[in-house]
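Participant: Take a look at the following structure, please.
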Amino acid sequence: MSTFRDVDPAVTGKLTCGSLRGANAGENVVLRGWVNRRRDLGGLIFIDLRDRYGLTQIVFNPEIQPDAHAMASEVRNEYVLEATGIVRERPEGTKNPRLATGEIEIEVQSLTVLNTSLNPPFYINEESDVDESLRLKYRYLDLRRERMQRNVILRHQIVKYMRDFLDDRGFVEVETPLLIRSTPEGARDFVVPSSGFPGEFYALPQSPQQLKQLLMVSGLDRYFQIARCFRDEAQRADRQPEFTQLDIEMSFVSQEDVMGLIEQLFIELTETFTDKSFNRPFSRLTYHEAMERFGSDRPDMRFGLEFQNVTDAVRGTEFKAFAGVIENGGVIKGIVVPGCADYTRKQIDDITEIAKANGAKGLATFALREGEIKSPVAKFLSEGELAAVTTDLGADEGDLVLLVADSFDVVSKSLSALRTHFGDVLGLADPNVFHYLWIYEFPLLEWDEEGQRWDATHNPFSGFLEEDRPLLATDPGAVRAKQYDLTLNGFEVGGGSVRMHTRADQAMIFSMMGHSPEAQQERFGAILDALEFGAPPHGGIAMGIDRWVMFAADESNIREVMAFPKNQRGVDLMFDAPSPIEEQQLVDVGLSLRPNVDKDQAART
């Protein structure tokens, strides 16, 4: 794994609090840093001086330098000091093998207090449980803590590795603008008014999607960017309103070319920056296979609990709850949960609520214990049907079988939620394992009942399998996209596609999505026009940097690997943003606010 503590002083131009070793004994040195800990033993005073490179113990002896000793008696944690002194080997028995500088200490000759410090609102010199709101309000102090500095530096090293990897393979880094036109691409845009154009707005990009395709038309056949992206959407542990992605596009490539490049990059990143074991080559499932077996397009593959379809096995049953579902074209699927046959009524009620919260009308449970199959619905099933939904699925004594009967979508969502729940509570997923999984051949389009039109399942620029072209006229929902997502331990870490590169195909898909020719030209005119000027076949991908660094750092929240994140409501607690602006600023851009708009103070907690 990569480290950041050992930095050559010749590189930094100065000694650091992690630089000195036994070989430096006898040297006169100057160190600067923060007081990490101070210990007054009644005569000698010991201070652990800290910077981002490490800790060095400095010693104040009243018999050698009484003035420096007197000053040291007044300093407190987080004071900023400059200490001049002589490097000494620590006496035998006092060396600290857990510290890189543990062989030596500095006998201080002179001390300068560069700045004092208020008492910090939380401990900086130790890892303690601190309310996140307090940490975000004082993020500049939070970032002094060793874990946070390690995460920030790890992120830097990972991004540098990505840049070097792509540069070695002929890619060109190109910055694209942050002020663009608002286009319908899924999430809500953050919009930006301008005094030069009252009543009109820029948008912050949700991604550089159209821009990178335009770069392919320009002939820059291998583009990448560490791209800032913005989406005005609900927040969660792995999502922020502004985030960073590794954005890549290539000309004259197939799906295999893009997937192969990314797989090699992430093999190297995982080997270099983690100690996780991981699968290579990466696993692959079509979207259809993933949904049939796991009910999710990003299943955690570190454990089983694979869905088993019992629809045919109970076809013809007299149990009305099952028979009605089958008659209406639904499915009945289940999972076998090991060792949970002794679940209490309350525990069964709790997991039933998980299923119901994800759309299921109920949950059928079968506990194999004491040589029997105990179930509230056992009396409605024949002996053969009971075996088909339990022992025929591989259930053994002590296991719990869970069945959901409903539409395919409801069964997929509810059973997937239960699978994830048991993966967590039973500790089925090995935390020391990364399991990468490619999902591909997503549906190109999905029907929007509310809008009575087709929508792109990912983005409207994805190409489709040529053999599925006839289905665009007869069964658009069955058309498979040249779309591929890379998932890791149940999370999507990136996604991309081979694009449509002709105006005719792109305009056709826009039309199916309900955009008139006039609306297409207004909203997507730049890319549509460009596709008529010799646009090459091209494809690419965008990888979530924040999310992958979160995994590499063994964190459960991307806010832990971002220097200045927003809170779970999208609020910057340090700058108290978003915030009202001056009335004149609104006048300058031709805006006025509706009256009685309440500021949501709850968002700041």
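The values are calculated or read from the model by the stated rules, or taken from the named source; none is laboratory data. Bear in mind that the values here come from a model prediction, so they are computed numbers and not experimental data. Note that each Cβ is placed from the backbone with ideal geometry, even for glycine, and that neighbours are counted across all protein chains shown. These accessible areas exclude ligands, DNA and RNA; they are computed on the full protein's heavy atoms, side chains included. Shrake-Rupley method; radii C 1.70, N 1.55, O 1.52, S 1.80 Å.
Participant: Relative contact order for the chain: what percent, with Cα pairs under 8 Å and sequence separation of 6 or more?
Facilitator: 14 percent
Participant: Separate question: What aspartates and glutamates could a cross-link reach from Lys276, if we take a straight Cα to Cα line under 13 Å and drop same-chain neighbours fewer than 8 places away?
Facilitator: Filter leaves Glu268, Asp430, Asp554.
Participant: Could you work out [θ]222 nm for the chain from helices alone, using -39500 (n - 2.57) per DSSP H run of at least four and dividing by all its residues? Round to the nearest 500 deg cm²/dmol.
Facilitator: -8000 deg cm²/dmol
Participant: Would you mind checking which residues have amide H under 5 Å from Ile332's amide H? H placed 1.01 Å from N; only 5 or more apart, or other chain.
Facilitator: Val310, Thr311
Participant: In the chain, with Lys and Arg counted as +1 and Asp and Glu as -1 at Cβ, which of these residues, Val253, Ser110, Ser207, has the Cα nearest the positive end of the dipole, that is, farthest along it?
Facilitator: Of Val253, Ser110, Ser207, it is Ser110.
Participant: Excluding ligands, DNA and RNA, what is the solvent-accessible area per residue of region 46-189 at a probe of 1.4 Å, expressed in Å²?
Facilitator: Heavy-atom SASA per residue in region 46-189 reads 53 Å².
Participant: So which of Lys212/Lys566; Lys212/Lys413; Lys14/Lys137; Lys333/Lys356; Lys160/Lys482; Lys356/Lys482 end up more than 23 Å apart by C-alpha?
Facilitator: Where the Cα-Cα span goes over 23 Å, the pairs concerned are Lys212/Lys566; Lys212/Lys413; Lys14/Lys137; Lys160/Lys482; Lys356/Lys482.
Participant: Between Val192 and residues 5 or more places away or on another chain, which pairs have amide H atoms under 5 Å apart, with H built 1.01 Å from N, and which residues are they?
Facilitator: Tyr202, Ala203, Leu204
Participant: Arrange the peptides 130-142, 487-499 so that the one whose residues have, on average, the most other Cβ atoms within 10 Å appears first.
Facilitator: 487-499, 130-142
Participant: Can you tell me how region 363-406 classifies by the Cα gyration tensor, rounded, prolate or oblate, using a/c under 1.5 as the rounded cut?
Facilitator: rounded
Participant: Sticking with this structure for a sec: If I compute Cα Rg over 2.2 N^0.38 Å from the structure I just sent, which labelled value in (i) 0.97; (ii) 1.20; (iii) 0.91 lines up?
Facilitator: Among (i) 0.97; (ii) 1.20; (iii) 0.91, the one calculated here is (ii).
Participant: Applying the Karplus parametrisation 6.51 cos²θ - 1.76 cosθ + 1.60 with θ = phi - 60° to the phi angles of region 459-464, what ³J(HN,Hα) value in whole Hz is obtained for each residue in order, glycine and proline being reported as x?
Facilitator: Karplus-based 3J(HN,Hα) across region 459-464 equals 9, x, 9, 5, x, 9 Hz.
Participant: Just to confirm the number: angle between the C-alpha axis of helix 146-167 and the first principal axis of the chain, 0 to 90 degrees, nearest 10?
Facilitator: 60 degrees
Participant: Where does helix 255-273 land angle-wise versus the long Cα axis of the chain, in degrees 0 to 90, nearest 10?
Facilitator: 30 degrees
Participant: Something else now. Heavy atoms only, probe 1.4 angstrom, no DNA, RNA or ligands counted: give me Ile348, Ile581 ranked by accessible area, highest first.
Facilitator: Ile581, Ile348
Participant: Now a separate question. Please work out whether region 138-289 counts as rounded, prolate or oblate from its C-alpha gyration tensor, where a ≥ b ≥ c are the square roots of the eigenvalues and a/c under 1.5 means rounded, while otherwise a/b larger than b/c means prolate and anything else oblate?
Facilitator: Here region 138-289 falls in the oblate category.
Participant: Only bridges whose two residues both fall in the chain count here: according to DSSP, what percent of them are antiparallel, nearest 5?
Facilitator: Approximately 90 percent, going by the DSSP bridge assignments.
Participant: What do you get for the angle between helix 408-425 and the principal long axis of the chain? Use alpha-carbon atoms, 0 to 90 degrees, nearest ten.
Facilitator: 30 degrees
Participant: Normalising by the residue count of region 14-166, find the relative contact order in percent from Cα pairs under 8 Å and 6+ residues apart.
Facilitator: 22 percent
Participant: Additional query: Give me the percent of the accessible area of the chain that comes from carbon and sulfur atoms, probe 1.4 Å, all protein chains in place.
Facilitator: That fraction is 50 percent.
Participant: With a 1.4 Å probe and all protein chains in place, put Phe380, Phe266, Phe243 in order of accessible area, largest first.
Facilitator: Highest to lowest solvent-accessible surface, that is Phe380, Phe243, Phe266.
Participant: I need the shape label for region 484-592. Rule: rounded when a/c is under 1.5, else prolate if a/b > b/c, else oblate, with a, b, c from the alpha carbon gyration tensor.
Facilitator: oblate
Participant: OK, next. How many angstrom lie between the Cα centre of region 255-332 and the Cα centre of region 48-74?
Facilitator: One Cα centre to the other: 59 Å.
Participant: Karplus couplings for region 318-326 from phi (6.51 cos²θ - 1.76 cosθ + 1.60, θ = phi - 60°), rounded to Hz, Gly and Pro as x?
Facilitator: Listing the rounded values in order: 8, 6, 4, 4, 7, 4, x, 5, 5 Hz.
Participant: Moving on to the next point. For region 203-220, in order, what is each residue's ³J(HN,Hα) by Karplus, 6.51 cos²θ - 1.76 cosθ + 1.60 with θ = phi - 60°, in whole Hz (x at glycine and Pro)?
Facilitator: For region 203-220, the Karplus curve yields 10, 7, x, 6, 6, x, 3, 5, 5, 6, 5, 5, 5, 5, 5, 6, x, 7 Hz.
Participant: Right, something else. Is there a quick way to get the dipole size of region 117-207? I mean about its Cα centre, with the Cβ of Lys and Arg at +1 and of Asp and Glu at -1; what is the value in debye to the nearest 20?
Facilitator: Value, rounded to 20: 140 debye.
Participant: Moving on. Enter the accessible area of Ser296 (Å², nearest 10), with the probe set to 1.4 Å and all protein chains included.
Facilitator: 20 Å²
Participant: Could you pull the accessible area for Val30 with a 1.4 Å probe, rounded to 10 Å²?
Facilitator: 50 Å²
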